[in-house]
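Asker: Below you'll find the structure I mean.
Please treat every number below as a calculation from the coordinates, not as lab data. Here the structure is a predicted model, which means the values were calculated and not measured. In this analysis, Cβ positions are derived from the backbone assuming ideal geometry, glycine residues included, and neighbour counts consider all displayed protein chains.
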Amino acid sequence: MAKTFRLPKGEPLLNIASYARGGPRAADRLTPSQIEQIRLTVNRAPEAVVKVLPRSSNDLKAVGKHIDYIGRRGNLELEGDDGERLQGRVADALLEDWDLDVDDVRRQGSLTAASKRTPPKLVHKLMFLMPPGTPPQKVLSAVRNFVREEFYGQHRYAMVLHR
């Protein structure tokens, strides 16, 4: 059996007016920059990617090999933290300049890693990937500005642009 009921007179069934109430709390809302980021992601806008490469080896020999590798065995010009352009196989000279003689000190003294600890990481390797079509000089300029702001005066670095 169907039941009937009466609605109060003058009261709408669904009231969608806010009467100037703020609605959900401001903390529940997205900021304009978050909305813009979502819009860019949905529209598949090209992005820059920064990868921190894994630690494959942490001794000076491995670091030297890596520096020669990123310079393509002397075929590409590296740029040091002081702006100096480095051409050729410069790993040994660069490591000498950076004074990373921790391996020698470890062998001579009692500075070996504690039982299950790994030795401190001497070198961090970063790779910056840009969308196809990004002008190479703009990439280099952006990375140069980034490393100068983040590392200069605290950490030594060398970089090279691979095309």
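Asker: Under a plain spin-label model, where a point goes 7 Å from the Cα along Cα-to-Cβ, how far apart in nm are Val52 and Val160?
Answerer: In this crude label model, Val52 to Val160 measures out at 2.4 nm.
Asker: As a footprinting exposure proxy, order Val50, Val63 by other Cβ within 10 Å, with the fewest listed first.
Answerer: Values: Val50 10, Val63 20.
Result, fewest neighbours first: Val50, Val63.
Asker: Tell me, what HN-Hα J-couplings in whole Hz come from the Karplus equation 6.51 cos²θ - 1.76 cosθ + 1.60 at θ = phi - 60° for each residue of the stretch 79-92, using x for Gly and Pro?
Answerer: 10, x, 5, 8, x, 5, 8, 10, 10, x, 7, 10, 4, 4
Asker: Ordered by residue, what ³J(HN,Hα) values in Hz, to whole numbers, does the stretch 147-163 give under the Karplus form 6.51 cos²θ - 1.76 cosθ + 1.60, where θ = phi - 60° and Gly and Pro are x?
Answerer: So the J values, rounded to whole Hz, are 5, 5, 5, 8, 10, 4, x, 10, 9, 8, 8, 9, 9, 8, 9, 9, 9.
Asker: A follow-up question, please. With a 10 Å radius around each residue's Cβ, average the other Cβ atoms per peptide and rank 87-99, 139-151, 35-47, highest first. Mind dumping the intermediate values first?
Answerer: Working: 87-99: 15.4, 139-151: 13.7, 35-47: 10.0.
Result, highest mean Cβ count within 10 Å first: 87-99, 139-151, 35-47.
Asker: Would you list His66, His124 from fewest to most Cβ contacts within 10 Å?
Answerer: On the way: His66 16, His124 11.
Placing the least packed residue first, the sequence is His124, His66.
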